Each structure stands twice: as structure tokens, then as C-alpha cells.
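Here's the structure, in C-alpha cells; my notes come after.
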Amino acid sequence: MVETTDGLVEGIHFRLNQISMEQLAFKALAVNISDLSAMGARPQRAHLNLALPKDFPKSALDTFFSSLNSQLEKHNISLVGGDLSASPGPLFINFHLAGVMKQEYVQWRKGLEKAGILCVTGTLGSSAAGLWGLENFKEEMAFENLIEAHFLPPVLTSEACWLAEQAECQGMMDLSDGLFSDLHRLTSGKVSVDCDQIPMTADLLAFSSLKQRDPLQWALC
């Protein structure tokens, strides 16, 4: 059995004037599923802890749970309990997820102790660019896909579970803060990265060119 817990705090991880309640429910669950996926496990059960500000709109809560229930059903996860509390300030959302996998397929973060190839399962940098755009521009961003990448992170459980069962796989983890900052969690040895091989979307490249930013800064850091 593999278990994880992860929380989102208003003003730290999200702003209610930027993200919808549908997106917030999706992201809060997705970041927890990602922790299990990074070890090769499939989630089965969830607990949800909510701390709500005074006078939090019931309609917003209904929208949150409608989106959450859709995601739980999609990933075959049972919401088995949790806790509800008042908050003196920000909205707080915390999940605890439990999943199972075969013991011989468990993938640890500190796996890259032998020579090997570093791989990623998708493009990098789009979420960071979307957040940067939201924080620095008041007008509507032209690159909606970058904002979506930040609010709706991909859930790659099937890909991760397949990778975990491959004999060649030495270790895995999910990236949250860019490739560079997470590399030291994967290995204590030397890693050589060819930056030209880092996958980035056309939207990211176009946005970075328009704003005169280095896309590698987002993809790496």
C-alpha cells in the first residue's frame, strides 16, 4: 500500500480570482494522484479535509464537489471520509490518498544510481509560464493552453504504472518545480542534460518569444 497527503492553501498555491472551482477540485486531486503515480501505484481511496472561510458561497462548494465527484469516478477512487472545519482566513484543501501496487514494482525517487537515460513523460515549462503570465499581466492572456497546463495538470497514472513494471526503469518521481530543482532528489551522481532535447510546446516557445523570456528558465527551474 502506498499513501500520500498534499494540501493547497489559498494565497499560496492558488488565488480564487484566477482559478475556477472546477479547476481547483481537479488540481487538488491531481497533485495527490501524481504522488502515487510516481511510485507506480493506482489510487483507490481518498479522505478530504476542507477548511472554509466564513460565508463561503454554497454554490461555489456545490461546483467544487460536482467537479471532484467527476474526477473521483473517472479514476475509480472512493471518497471514504474526511473533515470539515471553519477557517479564520484562507480556503484550505487537503487530500489523503491510498493506493496499491505489487511490491516488486515500487519505484523510489533515489533510483538513478546506475548509468541510465533520463526521460520525461510530457512537455516541460508550460505550467510555470502560465503562472508567470497570470501574475504579471492583467489583460487576458493569448495563450490559454499555458494557463490550462497550470490549473489542469495531466494525470499520467496509466503511463506511470506501465513504466514501473518495466525492468529497465530504475526510479521515478513527479516534477513540481522544474527539471533542474528535482534532479538532486533522483540521484546523487552526475547527470548530463542536453537542453535541446527538452520537450516544450509550440505555445510556450511562442509566448516566451513574445515576452522576451528564456523558455528553458521555465522548463528547468
**Item:** Counting all C-alpha pairs of the range 1-129, share separated by more than 27 Å (%)
**Value:** 27 percent
**Intensity falloff of the range 79-168 expressed as log10 I(q)/I(0), Debye formula with alpha-carbon point scatterers, at q = 0.10 Å⁻¹** = -0.51
**Prompt:** Which is farthest toward the positive dipole end of the chain among Q212, N69, S127, measuring Cα position about the Cα centre, with Cβ charges +1 (Lys, Arg) and -1 (Asp, Glu)?
**Reply:** N69
**Complete:** For the range 44-112, dividing by residue count, accessible area per residue (probe 1.4 Å) in Å² works out to 61 Å²
**Prompt:** With θ set to phi - 60° and the Karplus curve 6.51 cos²θ - 1.76 cosθ + 1.60, what are the ³J(HN,Hα) couplings of the range 77-94 in order, to the nearest whole Hz, using x for Gly and Pro?
**Reply:** 10, 9, 7, 9, x, x, 8, 10, 9, 7, 10, x, x, x, 6, 10, 10, 9
**Complete:** For R45, the residues 5 or more places away or on another chain with a placed amide H closer than 5 Å to its own amide H are S78, A98
**Item:** Ratio of the Cα radius of gyration of the range 121-219 to 2.2 N^0.38 Å, where N counts its residues
**Value:** 1.20
**Request:** Please get the size of the charge dipole for the range 101-219, origin at its Cα centre, with Cβ charges of +1 on Lys and Arg and -1 on Asp and Glu, quoted in debye to the nearest 20.
**Result:** 420 debye
**Prompt:** What FRET efficiency would be calculated for the residue pair L84, I12, taking the C-beta separation as r and a Förster radius of 30 Å, to the nearest 0.05?
**Reply:** 0.90
**Message:** How big is the dipole moment of the chain about its Cα centre under a simple scheme where the beta carbon of each Lys and Arg is +1, that of each Asp and Glu is -1, and everything else is neutral? Debye, nearest 20, please.
**Reply:** 360 debye
**Hydrodynamic radius (Kirkwood) for the range 23-87, which is based on Cα pairs only, to one decimal in Å** = 12.7 Å
**Request:** Could you please state how large a percent of the accessible area of the range 6-142 is carbon and sulfur, counting protein chains only and using a 1.4 Å probe?
**Result:** 53 percent
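The values are calculated or read from the model by the stated rules, or taken from the named source; none is laboratory data. Predicted model, so just to flag it, every value in this text is computed and none were measured. Quick reminder, even Gly has a Cβ in these numbers, built from the backbone with ideal geometry, and neighbours come from all protein chains shown. Just so you know, the surface numbers come from the protein's heavy atoms only, side chains and all, with ligands and any DNA or RNA stripped out. Shrake-Rupley method; radii C 1.70, N 1.55, O 1.52, S 1.80 Å.
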